[in-house]
Amino acid sequence: MSDILRMSFAIDPSDHCGATRAGHHRARRPGRARRVLPPLLIVALAGCQGRQSVLNPIGEDAVDLATLFWVMLGGAVVLWLLVTGLFIYVTRFRTAEMSRRWAEALIIGGGVVFPATVLAGLLAYSLPLMATQRMAGDGLVVHVTGEQWWWRVVYETPEGARVVSANEIRLPVGERTAFRLTTNQMIHSFWIPALGGKTDMIPGRENVMSLKPIETGVFRGQCAEFCGASHALMAFEVEAMAPEAFEAWLDREAQDAVPPASAAAERGAAIFAAEGCGACHTVRGTDAIGRVGPDLTHVGSRHSIGAGILPNQVEAIADWIQRTEHLKPEVDMPQYDHLSREALLDLGHYLKGLE
Ligand code: CUA
């Protein structure tokens, strides 16, 4: 990458000095390309890495999709070279007229038979890939409901126990987990690029998919269907965990909230109750039993808050509560900007303590 960066700045300004007007024009072109291409390449290559990239697959299905991408890309490059080569050949080197028989053979062979064969081959290769994503899971089912603009998450174990969570997905590595996806109002699309393909969430129906992580790690999912003002701010973290670690986490997630452990957290809990936060949010084991907003019983242990948009830190929680409408336009949660900074930080300590 540093070579590319160096390339973008290593442009010799004297490379067209003394050229004729026509020559000057020709000599400038490579300079322009060298100026424009490297930054474009950097942008393009940046998409290949990171926690939200289809080209950095850590799911069984994502590996298939990435392979499909590279096969298609390779095929496209070969075809492009072939067509461009033919074009140069017939325009520069073989300008003599072709016989009618040859021309017809070229049109039918190159325009009908060849594309039909290539496309049929690609279809035969890619169609079976769709089936794996629709496969049944190994037992665990995760119900995800798209909300405005966050994710309601319910884990259902093979034994039938249900654990309510929100805005984060945790999965056991090496197991295929089934997802049951729906939404109440808008159409959303559930997508974890590092794990597999996307599936739409449609009001009134339940779409089913399954994913199988093959490595541990933390990744990012994102709503992939435009769903309103804060569509781009509808994300979530995904953690693929060793199966034993996942079991331990799910056991803890199923328990009631821990009581406040500091004076600030205690004051925060009192403010949480006095401001009526429990009308919309649940904190299991307390009087807060609202179901409008995300379940906050273990919000303190999540990787992020606000559906993937802010780090899970006391300051950020205070900012979020104070300025929800600013940070996530048209969000349902009102902003509590009448509270003092101290009160907001107390709330932050309380919620961060709910691990
Ligand atoms: Cu939800 Cu876009």
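Values quoted throughout were computed directly from the atomic coordinates according to the rules given, and no laboratory measurement underlies them. Bear in mind that the values here come from a model prediction, so they are computed numbers and not experimental data. With ideal geometry, Cβ positions are generated from the backbone for all residues, glycine too; neighbour counts draw on all protein chains shown.
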**OP:** May I ask which residue of Pro203, Gly174, Gly160 lies farthest towards the positive end of the charge dipole of region 136-242, with charges of +1 (Lys, Arg) and -1 (Asp, Glu) on Cβ and the Cα centre as origin?
**Re:** Pro203
**OP:** Take Glu156, project a point 7 Å from its Cα along the Cβ direction, then tell me which residues of region 205-239 have their backbone nitrogen under 15 Å from it.
**Re:** 205-210
**OP:** Scan around Leu140 for amide H atoms under 5 Å from its own, H built in the peptide plane at 1.01 Å from N, and keep only partners 5 or more places away or cross-chain.
**Re:** Ala178
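Scale the Cα Rg of the chain by the rule-of-thumb value 2.2 N^0.38 Å and send over the ratio, two decimals.
Numbers: Rg = 27.6 Å, N = 355, 2.2 N^0.38 = 20.5 Å.
The reported ratio for this selection is 1.35.
In the chain, once you exclude exposed trypsin sites (Lys or Arg not before Pro) (DSSP loop, at most 15 other Cβ within 10 angstrom), what's the longest stretch remaining?
1-93
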Subject >> Helix 341-352 axis, angle to the chain major axis (alpha carbon atoms, nearest 10°) >> reply: 80
**OP:** Report, in deg cm²/dmol and to the nearest 500, the calculated mean residue ellipticity at 222 nm for the chain, where each DSSP H run with n ≥ 4 adds -39500 (n - 2.57) and the sum is divided by the residue count.
**Re:** -13000 deg cm²/dmol
Original post:
Under the definition of Cα pairs under 8 Å and six or more residues apart, what whole-number percent is the relative contact order of the chain?
Top reply: 14
Original post:
Who wins for biggest fluctuation among Ala232, Ala33, Ala224 in a Gaussian network model of the chain, springs between alpha carbons below 10 Å?
Top reply: Ala33
**OP:** Compute the long axis of helix 263-274 from its Cα atoms, compare it with the longest principal axis of the Cα atoms of the chain, and write down the angle in degrees, 0 to 90, nearest 10.
**Re:** 90
Subject >> Nonlocal amide H pairs with Arg170, under 5 Å, H built at 1.01 Å >> reply: Glu239
Subject >> Cα convex hull of region 67-166 - mean projected area over all directions, nm² >> reply: 11.1
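What length, rounded to one decimal in nm, is gained on full extension from Asp337 through to Ala33, with 0.36 nm per residue of separation minus their alpha-carbon distance?
Taking 0.36 nm per residue and subtracting the Cα distance, the gain is 104.4 nm.
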**OP:** Springs between alpha-carbon atoms under 10 Å, Gaussian network over the chain: tell me which of Gly228, Gly121, Gly196 tops the mean-square fluctuations.
**Re:** Gly121
Subject >> Other-chain or far-sequence residues with amide H under 5 Å of Ile305's (modelled H) >> reply: Leu310, Asn312
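Pull out the extension gain between Asp138 and Phe114, defined as 0.36 nm times the separation in residues minus the alpha carbon to alpha carbon distance; nm, one decimal.
Values: separation 24, 0.36 × 24 = 8.64 nm, distance 4.21 nm.
Result: 4.4 nm gained on full extension.
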**OP:** Any chance you could give the angle, 0 to 90 degrees and rounded to 10, that helix 114-133 forms with the longest Cα principal axis of the chain?
**Re:** 10
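Could you work out the relative contact order of region 136-242? I mean the mean sequence separation of Cα pairs under 8 Å and 6+ apart, divided by the number of residues, in percent. Please report the intermediate quantities before stating the final value.
Working: 285 pairs, mean separation 30.1, N = 107.
After rounding, I find 28 percent.
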**OP:** Positive end of the charge dipole of the chain (Lys, Arg +1 and Asp, Glu -1 on Cβ, about the Cα centre): tell me which of Gly228, Ala273, Trp150 has its Cα farthest that way.
**Re:** Gly228
Subject >> Virtual spin-label span in nm between Val218 and Ala242, 7 Å along Cα→Cβ >> reply: 1.8
Original post:
Using a Gaussian network model of the chain with C-alpha springs under 10 Å, which one of Ala245, Ala254, Ala161 is most mobile by mean-square fluctuation?
Top reply: Ala161
Subject >> Relative pair counts by distance (%), Cα atoms of region 136-242, 5 Å bins >> reply: 2, 14, 24, 28, 19, 9, 3, 0
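Would you mind estimating how fast region 255-355 diffuses translationally, via Stokes-Einstein at 25 °C and 0.890 mPa s with the Kirkwood radius over Cα pairs, in µm²/s?
This corresponds to a translational diffusion coefficient of 185 µm²/s.
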